[in-house]
Amino acid sequence: MFVNNSFSGIIILAGLIMQNPWWALNGIVGTMFSTLSAVLLGQNRSQIATGLHGYNGNLVGLLLAVFSNKGDWYWWLLLPVFVMSVVCPVLSSALTSVMKNWDLPVFTLPFNIAVWMYLAATRHNIYLPQNFIQPINPSPNYTWSELNVPMLLRAIPVGVGQVYGCNNPWAGGIFLVALVIASPIVCLHAVIGSSLGILAGLSLDSPFQKIYDGLWSCNSVLGCIAVGGMFYALTWQTHLLAILCAIFCAYLGEALMNTISVIGLPVCTWPFCLSTIIFLLMTSNNRAIYKLPLIKVTCPEENRKFYKDMRKHEQPE
């Protein structure tokens, strides 16, 4: 979640262990071998040091465990986790060669591609069975009186946790603690993004349980953080843009889910990637909507300081 802070990373790991130690182990294995692969392939050392070649492997490890039908401690699962995490730096490097033309990051595109490859290739593998994804035929919400407000509030940290495939509200709460330590602005936009995902689900009369499970919120969380100060300098204009991006992520996620579930694949973080790329490619004559050069991106607080210093030293026209 755009956290470049070792202590926050340890706290996130604690949240993953609280959710499921087996999932956490797969995430660690994915991170280790993805990072090692990047080192052996001679990728940028500063990017390796800041974890940019590890997070996609981490997500691959987590989601392969989530979608496994063998339950916990099925040790053969570590083999595909190893293979797909090793592939992540290759995908990242290839995508970077393309995305750099627009000064864009690869986000979690390598993770999305790797998970889709694995799930599509092993769908009928008896040694690596998976939970089949099928189109949902939801029952309509017959009455709004059944809406559980405490569960909606609970869905806010759950939506944050779903970024890592976690549906435990306590794990989501731990992630929020990690975010506020690393960047209060990131934490704020994570909460806003999760809340907007909930509202988007309610607006389309989505099954309440799906909203309670945070499935409407995870991509909105990432989109809101990315636009709300991470890749744009934070101003009130870009804050509103982040809100719009979060809503766009939620609706795009539902559209993709209804389409892609037909072929038995999850949406993963495709809605976040596609939505955020669209919003970062947007052009504007408003000087308050300033997209930072990728090389200058650090954290929202430092990004805003860079933007203010730049504006201060600008020559009057």
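The values are calculated or read from the model by the stated rules, or taken from the named source; none is laboratory data. Remember, it's a predicted structure, so these values are computed and weren't measured experimentally. Every residue, glycine among them, receives a Cβ derived from its backbone with ideal geometry; neighbour counts consider all protein chains shown. Remember, those area values only see protein heavy atoms, side chains included, never the ligands or the DNA or RNA. Shrake-Rupley method; radii C 1.70, N 1.55, O 1.52, S 1.80 Å.
The lysines within cross-link reach of Lys305, meaning a Cα-to-Cα straight distance under 16 Å and a gap of 8 or more places when in the same chain, are Lys291, Lys296.
Taking Glu254, Glu146, Glu314 and ordering them by how much accessible surface each has at a 1.4 Å probe, largest first, produces Glu146, Glu314, Glu254. Ordered from largest to smallest accessible area (heavy atoms of protein chains, 1.4 Å probe), the residues Ile278, Ile225 come out as Ile278, Ile225.
Under the simplified labelling scheme, the Ile263-Asn168 pair shows an inter-label distance of 3.5 nm, with each label point 7 Å from Cα along Cα→Cβ. Taking a straight line from the alpha carbon of Lys210, not one of the lysines sits under 20 Å away once near neighbours fewer than eight places off in the same chain are left out.
Each label was represented as a point 7 Å from its Cα along the Cα-to-Cβ direction; for His124 and Glu301 these points are 5.5 nm apart.
Placing a pseudo-label 7 Å from each Cα along the Cα-to-Cβ vector at Met18 and Asp72 gives an inter-label distance of 1.6 nm. Only protein atoms count toward the accessible area here, which uses a 1.4 Å probe; on the chain, the carbon and sulfur part of that area reaches 66 percent. For the range 36-53, backbone nitrogen atoms closer than 11 Å to the point 7 Å from Trp102 Cα along Cα-to-C-beta are found at no residue.
Note the listed values [x] -0.67, -1.27; [y] -0.79, -1.30; [z] -0.66, -1.14, then indicate which one is log10 I(q)/I(0) by the Debye sum over Cα atoms at q = 0.11, 0.15 Å⁻¹ calculated from this particular structure. Checking each listed value against the structure points to [x].
Label point of Asn44 set 7 angstrom out along Cα-Cβ; within the range 215-242, no amide nitrogen lies under 11 Å from it.
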